[in-house]
Amino acid sequence: MVMILALLATAVATAMRAQGPAPQPTPPEQTVPEQTVPEQTVEVTAERFTFQPSEITVPVGTTLKVVLKSDDTTHGFRIKGEGVNVQIPKRGRGTITATFTPTKAGKYTFECSRICGAGHGFMRGTIVVVEPGSETK
Amino acid sequence: MLALALSAAPTWAQDSDDDHQPSTRLSGYMDFHYNKPERADGRLDFHRFVLLVTHEFSPKIRFVGELELEHAFVEGLEEGGELELEQAYVDFLLSRGFNVRAGMLLLPIGIINERHEPPVYYGVERPFVDTVIVPSTWFEAGAGVHGEVGRGWRYRVYVTTPLNALEFSADEGIRNGRQKGSDANIGRAALTGRAEYVGVRGLTAGVSFWTGKSGFELRPRLDVPVHLIEADARYSRDRLELRGQFAQVAIAHAAELNDAVARTTGINPNIARTLRGAYAETSYRVVEGQRWGDVGVFARYENYDTQFRMPAGTAPILAFDRDAWVLGATYWPEPDIAVKVDYVVARNQSGVVRAPNALNVGLGWWF
């Protein structure tokens with residue numbers, strides 16, 4: 001048993017050395033501020049097998065910035081049909097921001113785009129895009 | 001339900017989803033254990049080798065498969081290992097609130113059954129309550145619906161093959177009654193479901209049920225209605241995580257079931273009419289964000305009794321009225337690899353048979 005633990009510790013230590021420096025948190029994406037377009041920022045946490053919150057309401061024409069972090073493994077964040085698809089770093093590896101500016105009212109589905117476990121298919125949510133002034137307070 | 005899904009298929013083809021490419025992906029997890037019960041030799045066990053395969057036919061039709069090799073070795077008619085098809089279903093994603101799923105399904109009961117990748121739970125082995133009261137991993141063939149209804153509420157409802165009461169036992173309850181979708185009897189389908197709330201950041205709370213008739217193998221045939229209810233919650237904030245779960249199983253006509261099984265097998269199985277279990281767990285990441293990884297510690301108390309209420313005239317076997325403290329730690333050299341160690345302080349109500357304590361060491365990973 002002692003030998004197994006020693007081997008295990010050696011393997012882990014070797015692997016950690018091989019990895020080199022610990023990955024740095026991913027800096028937020030740099031975007032050029034647009035004075036004329038209103039912005040809304042929402043922090044979303046991904047974990048097996050939910051996004052929290054899983055429902056986001058935003059007015060038409062507002063640039064939605066979804067700041068994503070993971071509580072466990074790598075997840076994906078894809079807004080279906082809108083060309084938005086980012087990879088969320090593992091826990092402790094920082095955040096990533098997905099940007100979406102809806103031009104039409106309606107409901108947009110987002111989902112995990114990277115297989116993350118047995119319940120991967122449940123990781124979905126909705127962006128509700130409403131006419132300006134009609135969003136729920 | 002399947003017909004409804006298929007009839008809607010032409011509409012899906014018109015969906016504009018320019019970022020979708022049909023794709024197949026491979027993933028999986030592994031579980032390697034050392035178990036050392038008190039007064040017995042230690043055992044090394046490559047407990048689980050699991051491969052997940054997913055394929056997206058289109059943005060709204062997906063396949064998910066999970067093939068598991070347990071205990072590293074399978075030989076015909078031996079109990080040493082199992083090759084299990086734990087999941088193999090097609091998901092028809094119709095809308096946020098209503099989706100259809102058919103095939104081999106994980107039943108939506110408890111914390112562990114659907115969420116059992118080694119890095120996401122503390123302890124080398126899964127909780128006892130999630131083993132002998134909720135018989136995880138519990139999977140059956142069937143079909144059902146699932147969706148999210150807004151404000152953080154979501155649901156799953158499946159119709160599946162039922163449990164086989166001929167295989168129930170005093171110590172493991174309904175566990176051996178799982179048919180696992182293997183040429184399974186579905187003369188009377190079982191119904192299972194779960195309502196889940198994820199509307200508060202860090203909180204997942206749910207209630208589940210299972211109901212079915214399980215006496216189809218008994219001769220003469222005997223109705224054995226079985227009902228399971230379950231409630232659970234997980235809450236995490238920063239480094240702290242709290243978990244709790246309660247589950248109870250009611251087996252109707254348990255006295256007649258014991259008589260019928262005794263006539264069939266020659267042994268009275270002493271099956272209870274009620275099984276009950278609960279646990280509470282607290283964990284804390286004492287080290288986080290270090291270059292060499294994270295460390296968390298945990299304590300879990302479990303109380304589980306597969307002889308909780310007996311049929312009239314039958315005495316419970318007190319060795320199966322059990323409780324346990326599980327204390328341990330997990331080291332994550334990176335978030336998808338978990339090195340675990342725990343010590344189980346086990347007790348039961350028997351004055352004769354003593355429950356052995358155990359030391360467990362495990363290595364689990366996800367990729």
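Can B:Asp31 be described as more than 21 Å from B:Met104 (Cα to Cα), surrounded by 13 or more Cβ atoms within 10 Å (Cβ to Cβ) and not hydroxyl-bearing (Ser, Thr, Tyr)? In short, yes. Of all residues assigned to the stretch A:101-114, at least one qualifies as being over 21 Å from A:Thr57 (Cβ atoms), within 11 Å of chain B (Cβ to nearest Cβ) and either more than 17 Å from the chain's Cα centre (by Cα) or of a type outside the set (Phe, Trp, Tyr) (or both).
Any idea which residue in the stretch B:61-113 is farthest from B:Gly144 (Cα to Cα), counting only those that are more than 10 Å from chain A (Cβ to nearest Cβ), part of a strand (DSSP E or B) and among the β-branched types (Val, Ile, Thr)? Checking each candidate, the answer is B:Ile61. For the stretch B:178-197, filtering for residues that are in contact with a Phe, Trp or Tyr (Cβ under 8 Å, 6 or more places away or on another chain) and of a type in the set (A, V, I, L, M, F, W, C) leaves 3. Counting only strands (runs of 3 or more DSSP E) that sit completely within the stretch B:294-367, those holding 2 or more residues that are at pLDDT 95 or above and away from every other protein chain (no Cβ under 14 Å) correspond to B:321-334, B:337-348. Residues considered: B:Gly110, B:Gly97, B:Gly123. Of these, the only one that is surrounded by fewer than 20 Cβ atoms within 10 Å (Cβ to Cβ) and in contact with a strand residue (DSSP E or B) (Cβ under 7 Å, 6 or more places away or on another chain) is B:Gly97. Residues of the stretch B:235-274 that are closer than 30 Å to A:Ala46 by Cα and over 16 Å from the mean Cα position of the chain (by Cα): B:Tyr235, B:Ser236, B:Arg237, B:Asp238, B:Arg239, B:Leu240, B:Glu241, B:Leu242.
If you check A:Val58, A:Val67 for being more than 30 Å from B:Leu51 (Cβ to Cβ), more than 11 Å from chain B (Cβ to nearest Cβ) and either surrounded by fewer than 19 Cβ atoms within 10 Å (Cβ to Cβ) or in contact with a Gly (Cβ under 6 Å, 6 or more places away or on another chain) (or both), only one passes: A:Val67. Scanning the stretch B:34-60 for residues that are basic (Lys, Arg), farther than 20 Å from A:Gly117 by Cα and in contact (Cβ under 8 Å) with a residue 12 or more places away in the chain yields B:Lys36, B:Arg39.
When you check B:Pro135 against the structure, is it more than 14 Å from chain A (Cβ to nearest Cβ) and under 14 Å from the mean Cα position of the chain (by Cα), yes or no? So B:Pro135 passes the test. Just one of the listed residues (B:Leu218, B:Leu203) is among the hydrophobic types (A, V, I, L, M, F, W, C), at pLDDT 95 or above and on the phi < 0 side of the Ramachandran plot, namely B:Leu203.
Exactly one residue among B:His116, B:His55 is within 11 Å of chain A (Cβ to nearest Cβ), in contact with a Ser or Thr (Cβ under 7 Å, 6 or more places away or on another chain) and in a loop (DSSP other than H, G, I, E, B), and that residue is B:His116.
The condition of being touching a residue at least 60 places away in the same chain (Cβ under 8 Å), under 20 Å from B:Val129 (Cα atoms) and of a type in the set (Lys, Arg) holds for B:Arg243. Restricted to the stretch B:171-290, the set of strands (runs of 3 or more DSSP E) holding at least 2 residues that are of a type in the set (Val, Ile, Thr) and in contact with a strand residue (DSSP E or B) (Cβ under 9 Å, 6 or more places away or on another chain) comprises B:203-213, B:225-237, B:240-251, B:274-290.
The values are calculated or read from the model by the stated rules, or taken from the named source; none is laboratory data. On a predicted model such as this, the values are computed, not experimentally measured, just so you know. Every residue, glycine among them, receives a Cβ derived from its backbone with ideal geometry; neighbour counts consider all protein chains shown.
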